[in-house]
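Below: the structure, in structure tokens.
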Amino acid sequence: MASLFSTLYVLYERTDNTHHDGGHDDRDDDISSDISRDGGQARKSVVVIPCGFSFAAFFFKGFWALWHRMWSVAITLLALSSSVQSLLVWFYLYGGTRAVLLWGSLLWMGYGLVVGLYAHGWRSSFLYEAGYRPVSVRVRSSHHALTSSSVPLS
């Protein structure tokens, strides 16, 4: 029985073959845990992504995207963050009322909510473009996401 705080997780898997020069593609090594096969012919990478709201993306926005190496999303989020903050500072300096502070806080919270809601979807899209495919869906705590039974997607 799932607890009240259980989360839905999607497992993404990719198998890297060696390049023609014998090297491996190391673009996504930081976002995956490698599971090596015997013989060294192929390397399987598994990434577990929770579905739902991302509190880390809500609080850290562009830095969250930088951490996950999503460069275009990171640049966009950092540019939007600096633009919104500059606009709020300008409004406050040239007509600073409590209403400006209230609306600015609501705007900043709304921006964070949008980022937090879409964060895992953006990360899933980037993984899909990098060659990862969803393998299974699991409903467990994050501690048991890799070891619990799962429902295959194929």
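Worth pointing out:
- Stretching the chain fully between VAL135 and LEU78 yields a gain of 17.3 nm (0.36 nm per residue, less the alpha carbon separation).
- Theoretical gain in end-to-end length, TYR92 to VAL114 [0.36 nm per residue, Cα-Cα removed]: 5.5 nm
- Length released on extending from LEU8 to PHE53, taking residue separation times 0.36 nm less the Cα-Cα span: 15.1 nm
- The LEU101 and TRP67 beta-carbon pair, evaluated with R₀ = 30 Å, returns a calculated FRET efficiency of approximately 0.50.
- With every protein chain in place, the stretch 62-130: carbon and sulfur % of accessible area (1.4 Å): 72 percent
The values are calculated or read from the model by the stated rules, or taken from the named source; none is laboratory data. Just so it is clear, the structure is predicted and the values come from calculations on it, not from any experiment. Note that we place each Cβ from the backbone using ideal geometry, even for glycine, and neighbour counts take in every protein chain shown. Surface accessibility is based on the protein's heavy atoms, side chains included, excluding ligands, DNA and RNA. Shrake-Rupley method; radii C 1.70, N 1.55, O 1.52, S 1.80 Å.
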